[in-house]
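Every number in this text was worked out from the coordinates using simple rules, so none of it is lab data. Predicted model only: the values in this text are computed from it and were never measured. Positions of Cβ are generated from backbone atoms using ideal geometry, with glycine treated the same way; all protein chains shown enter the neighbour counts.
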Amino acid sequence: MSKLLILLVSLCSVYGVHGQFTDSCTSDVYASIKQCYVTYMAGYNISMTDTIPEYWSFHFVRRDLLDADGLHIQPYVCQLGNALSDCLAPYTCMGPNAYMNMNVPNATEAMDYWIDLAVTQYQCGAGYNLTMTEFYCIAFCRDRYQPNIDQCDAQAAIDIGNGMDPCAAQQKDFDCQATVYRNCCDWNAGVYICNVDMAGSKAVNPACVNAGAIKCPAPR
Ligand SMILES: *[C@@H]1O[C@H](CO)[C@@H](O)[C@H](O)[C@H]1NC(C)=O
Ligand SMILES: *[C@@H]1O[C@H](CO)[C@@H](O)[C@H](O)[C@H]1NC(C)=O
Ligand SMILES: *[C@@H]1O[C@H](CO)[C@@H](O)[C@H](O)[C@H]1NC(C)=O
């Protein structure tokens, strides 16, 4: 989902939120949020004190674990993810600035972590059964059809550049990706990808999702 991350993060500038996040918590709350991440990273054998790891280095640790151990490590990954969500749940003031407070190198990386949290909440929550049942097929299709998926994101960037409504461009992109996965795996794989994308979109800017301008079909 790296191209998608790039697209979603670039949408921040469309929405005028990039680098000027407005969320804010008290320093006590920031200390508690940091502690949630210290525990979370420890689950991946990553030691953290005040500085959260560079996003992609963390991402690759988790991806390597999933690549090496496959489906049977996914419940552990979700156990860590759900513990993180539970730990953070009281802190409704939280947003991307929390990561700036953990010395993330720049606003892009803060957004990457914020999107990652939202996607984890779908994958390990409402989408958990799909995560488990579609695991290998999605991995196979991602490897095989990555250029097609990247093309969907690239087209959305072009559409937005051409003045298309950003919500409509995202829906078109998510439908495009869902079609790739549906043709490669099955209906539910398309539903799963659409919901992962929608979770990311909502983290960047909830307006499209809240307005009902982005929708995903129900699983079958
Ligand atoms: C963390 O390290 C321990 C001890 O080396 C190892 O057993 C465990 O599998 C590691 N966990 C992860 C998620 O890499
Ligand atoms: C943000 O920081 C990361 C890690 O240092 C770096 O790889 C990336 O290029 C930076 N991005 C921007 C937009 O500065
Ligand atoms: C996941 O599947 C289990 C067992 O079939 C079911 O009880 C549960 O309600 C499902 N959860 C979701 C979120 O659909």
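Evaluate E = 1/(1 + (r/R0)^6) for Thr39 and Tyr128, where r is the Cβ-Cβ distance and R0 equals 22 Å; express this FRET efficiency to the nearest 0.05. My answer for the efficiency is 0.60.
With neighbour counts taken as other beta-carbon atoms within 10 Å, the residues Lys215, Lys172 rank, fewest first, as Lys215, Lys172.
The alpha-carbon of Lys172 sits under 18 angstrom from the alpha-carbons of these aspartates and glutamates, leaving out residues fewer than 8 places away in its chain: Asp150, Asp153, Asp159, Asp197.
Full extension of the chain segment joining Asn106 with Ser47 gains 19.2 nm, where the gain is 0.36 nm per residue of separation less the Cα-Cα distance. When Rg and the Kirkwood radius Rh are both evaluated on Cα atoms of the chain, their ratio Rg/Rh stands at 0.95. Across the stretch 191-204, rounded Karplus estimates of 3J(HN,Hα) from the backbone phi angles (6.51 cos²θ - 1.76 cosθ + 1.60, θ = phi - 60°) give 4, 4, 4, 4, 6, 4, 4, 5, 4, x, 4, 5, 5, 6 Hz, Gly and Pro being marked x.
Close amide H contacts of Asp23 (hydrogens built in the peptide plane, cut-off under 5 Å, sequence separation of 5 or more or a different chain): Asn97.
Quote the charge dipole size of the stretch 2-210 about the Cα centre in Debye, to the nearest 20; the model charges only the Cβ of Lys and Arg (+1) and of Asp and Glu (-1).
Values: 9 positive and 21 negative charges, 27 e Å.
That gives a dipole near 120 debye.
Based on the Cβ-Cβ distance of His72 and Ser24, what FRET efficiency does E = 1/(1 + (r/R0)^6) give at R0 = 35 Å, to the nearest 0.05? List each step's numbers first, then the result.
Details: r = 41 Å, r/R0 = 1.16.
Approximately 0.30, to the nearest 0.05.
Along the Cα-to-C-beta direction of Glu54, a point sits 7 Å from the Cα; which residues of the stretch 87-109 have their amide N less than 12 Å from that point? Output list for this probe position: 105-106. Considering only Tyr30, Val204, Gln170, and ranking their Cα positions along the charge dipole of the stretch 2-210 that arises from unit charges at the beta-carbon of Lys, Arg, Asp and Glu, the one farthest toward the positive end is Gln170. Phi angles across the stretch 153-170 convert, under the Karplus curve 6.51 cos²θ - 1.76 cosθ + 1.60 with θ = phi - 60°, into 3J(HN,Hα) values of 5, 4, 5, 5, 4, 5, 4, 5, x, 7, x, 5, 3, x, 5, 5, 5, 5 Hz, Gly and Pro given as x.
With +1 on each Lys and Arg Cβ and -1 on each Asp and Glu Cβ, and nothing else charged, work out how big the dipole of the stretch 132-220 is about its Cα centre, in Debye to the nearest 20. Before the final figure, lay out each step's value.
Numbers: 7 positive and 10 negative charges, 46 e Å.
Dipole of the stretch 132-220, to the nearest 20 debye: 220 debye.
For Val119, what charge total do you get from the other residues with a beta carbon under 11 Å from its beta carbon, if Lys and Arg give +1 and Asp and Glu give -1?
Working: positive: Lys202; negative: Asp112, Asp116, Asp197.
Net local charge, Val119 excluded: -2.
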